[in-house]
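Since the structure comes first, as structure tokens, the remarks are kept for the end.
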Amino acid sequence: MITKLGEKFTDIFRRNMPDAFVFALVLTLVTAVTAFLWIGAPAMKIITSWYDGFWTLLEFGMQMVLLVVTGYSIALSPSIERGIDRLTKYIRTPRQVYYFVVLIGFLLSMVSWGWVVIAAVFARELALRVKGINYPYLIACVYFSSISWVTGLSSSIPLLLNTEKNYMIQNEILPGTIATSFTLGSLLNGCMIALMLIVGPVLMLLLVPKEAKGKELRTLLGARDVGAQETIEEEANSLKLPFKAVSDRLNNSMVLQYIIAFMGVVYIIYHFSQKGLDLNLNIMIFVFVMMGLLLHKTPMRYGISMTRASNNISAIIFQYPFYAGIMGIMTFTGLGAELGKVMASVATEDSYPFFAYLLGGLVNFAIPSGGGEYAVIGPSIIEAVNNIGAGLPAEELKVMASRASLAIAYGEGLTNMLQPFFLLLLMPVMAAGIKIQARDIMGYLVVPFLLFFIAQILMVLWIPL
């Protein structure tokens with residue numbers, strides 16, 4: 001019954017869900033109209049807010065491009081391919097692939113949300129080696145596994161709350177920092193991790209479509225024979241001149257590349273020794289670059305791998321500014337803050353986690369960024385919590401603020417299942433060489449979304465910190 005329900009939702013999405021770019025355009029209009037009709041923002045204010053926001057994610061967008069390209073480049077190295085070949089000796093059936101991909105995706109995303117790219121790489125390579133895999137469903141499995149990032153080491157909201165002189169403290173909304181023991185180290189977060197690691201993979205096994213015919217990766221690739229493509233080493237050798245040349249020696253120099261990689265490794269060791277487990281996007285990308293240099297051995301091979309890895313990144317480049325524009329409307333017109341005030345007017349000491357969770361999920365459609373969303377609605381929600389808990393001891397207020405903040409994070413993470421923004425992070429890797437759209441994938445995620453939605457609401461309401 002669950003499988004049939006999942007297939008029904010998939011069919012509905014395929015028939016009705018537009019392309020991810022159209023989704024961004026529709027969200028832009030919905031947000032603009034809401035700001036105009038609900039809070040009375042002038043039309044020109046909305047347009048200028050949209051324009052001002054349009055450019056705020058340029059750095060983030062470039063980081064996404066580099067994260068995808070450098071991560072995919074690592075997967076194209078001979079060492080990784082041999083490792084995946086050995087892995088297929090133990091993972092031989094589609095169901096084993098689905099389970100492994102969801103589990104490893106959850107674990108990687110808990111280290112850092114950008115590491116879901118690694119899970120995408122493994123999933124694609126396994127799909128080329130194991131027969132009978134429904135590839136659109138496999139992409140859905142990888143995307144589903146990315147929701148765990150809000151419980152892990154790169155969860156932006158808990159990290160912000162533990163940062164000295166953050167904007168919540170500077171604006172006197174919070175009296176001081178909130179240690180991660182109240183958020184990431186809490187019983188609630190531990191139970192949320194258990195839900196994902198234990199229930200998540202099993203749930204996706206229950207939803208596996210019965211039919212994979214016509215949806216295997218090699219079938220979707222069509223006439224393109226992946227195995228027939230010349231290797232990176234062969235392409236590098238074919239570019240050499242027919243006579244000895246200094247340029248070829250430099251292009252294919254292991255010594256030159258390893259010296260640069262050694263410098264990078266020295267900095268990586270320095271970074272983590274000085275800053276602890278600080279897994280920001282820049283250091284993640286830098287680690288990926290250094291790994292690529294070491295694995296591909298020569299500048300020419302690494303350049304070829306990067307070229308191959310960057311063939312499918314156009315969606316990230318041109319769609320991110322439109323989502324930044326939506327974020328601009330939410331921020332600069334005051335629409336996001338107004339949503340927080342609505343919660344403040346209806347929430348009680350018992351219900352505030354529920355409303356924080358709902359608001360976190362709702363606003364995520366317009367601002368699909370945990371840190372960006374919290375900057376817009378977080379102050380209003382924590383002020384509401386302070387008002388609701390007026391007169392309580394400071395320690396209890398800290399617990400309430402922690403619970404509300406975690407609720408926002410969980411809601412934001414889960415509604416990504418209905419929002420194709422971060423799917424753009426996976427598609428350059430998993431959709432390379434095939435024609436597949438968000439509508440072919442998102443329907444598989446409706447049932448997991450609904451079940452986790454119910455479970456997470458009950459957890460944020462009743463499980464203590």
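List, please: which pairs have Cβ atoms under 6 Å, are six or more places apart or on different chains, and start with a residue in the stretch 256-285 that is under 21 Å from GLY371 (Cβ atoms) and end with one that is open to solvent by 30 Å² or more (accessible area, probe 1.4 Å) and at pLDDT 80 or above?
What qualifies is ILE285/LEU66.
Working only within the stretch 305-317, note down all residues that are at pLDDT 85 or above and surrounded by fewer than 22 Cβ atoms within 10 Å (Cβ to Cβ).
The answer is MET306, THR307.
Please work out which one of (1) over 23 Å from GLY443 (Cα atoms); (2) touching a residue at least 24 places away in the same chain (Cβ under 8 Å) is the condition ARG86 fails and give its number.
Status for ARG86: all satisfied but (2).
Would you say GLU349 is charged (D, E, K, R) and open to solvent by less than 10 Å² (accessible area, probe 1.4 Å)?
Spelling it out, it is not the case that GLU349 is charged (D, E, K, R) and open to solvent by less than 10 Å² (accessible area, probe 1.4 Å).
For the subset of the stretch 44-96 comprising residues that are at pLDDT below 85, β-branched (Val, Ile, Thr) and not in a helix (DSSP H, G or I), which member is nearest to the chain's Cα centre (by Cα)?
THR56
Just to confirm my filter: which helices (runs of 4 or more DSSP H) fall fully inside the stretch 289-351 and include at least 1 residues that are over 28 Å from LEU426 (Cα atoms)?
314-332, 335-346
Only one of TYR320, TYR302 is open to solvent by less than 50 Å² (accessible area, probe 1.4 Å), at pLDDT below 90 and aromatic (Phe, Trp, Tyr). Can you tell me which?
The match here is TYR320.
Of the conditions (1) touching a Cys at 6+ places or on another chain (Cβ under 8 Å); (2) of a type outside the set (Lys, Arg); (3) open to solvent by 40 Å² or more (accessible area, probe 1.4 Å), MET204 fails just one. Which one is it?
For MET204, the failing item is (3).
For the structure I just gave you, tell me whether ILE304 is within 16 Å of the chain's Cα centre (by Cα), farther than 24 Å from TYR51 by Cα and β-branched (Val, Ile, Thr).
no
Consider only pairs whose beta carbons are under 9 Å apart and that are at least six residues apart or on different chains; among these, list those whose first residue lies in the stretch 18-34 and is at positive phi and of a type outside the set (A, V, I, L, M) and whose second residue is part of a helix (DSSP H, G or I) and surrounded by 14 or more Cβ atoms within 10 Å (Cβ to Cβ).
none
Quick check on the stretch 410-422: of everything there that is at pLDDT 85 or above and not polar (S, T, N, Q), which residue is surrounded by the fewest Cβ atoms within 10 Å (Cβ to Cβ)?
LEU418
To keep it simple, each residue is scored yes or no on (1) at pLDDT below 90; (2) open to solvent by less than 60 Å² (accessible area, probe 1.4 Å); (3) under 30 Å from HIS296 (Cβ atoms); (4) in a loop (DSSP other than H, G, I, E, B).
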| residue | (1), (2), (3), (4) |
| --- | --- |
| PRO175 | yes, no, no, yes |
| ILE178 | yes, yes, no, yes |
| PRO209 | yes, yes, no, yes |
| LYS240 | yes, no, yes, yes |
| PHE243 | yes, no, yes, yes |
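The values are calculated or read from the model by the stated rules, or taken from the named source; none is laboratory data. Treat the numbers as computed from the prediction; the structure is a model and nothing was measured. Note: ideal-geometry Cβ built from the backbone for every residue, glycine included; neighbour counts use all protein chains shown. Please note that ligands, DNA and RNA were not included when accessible areas were found on the heavy atoms of the full protein model with its side chains. Shrake-Rupley method; radii C 1.70, N 1.55, O 1.52, S 1.80 Å.
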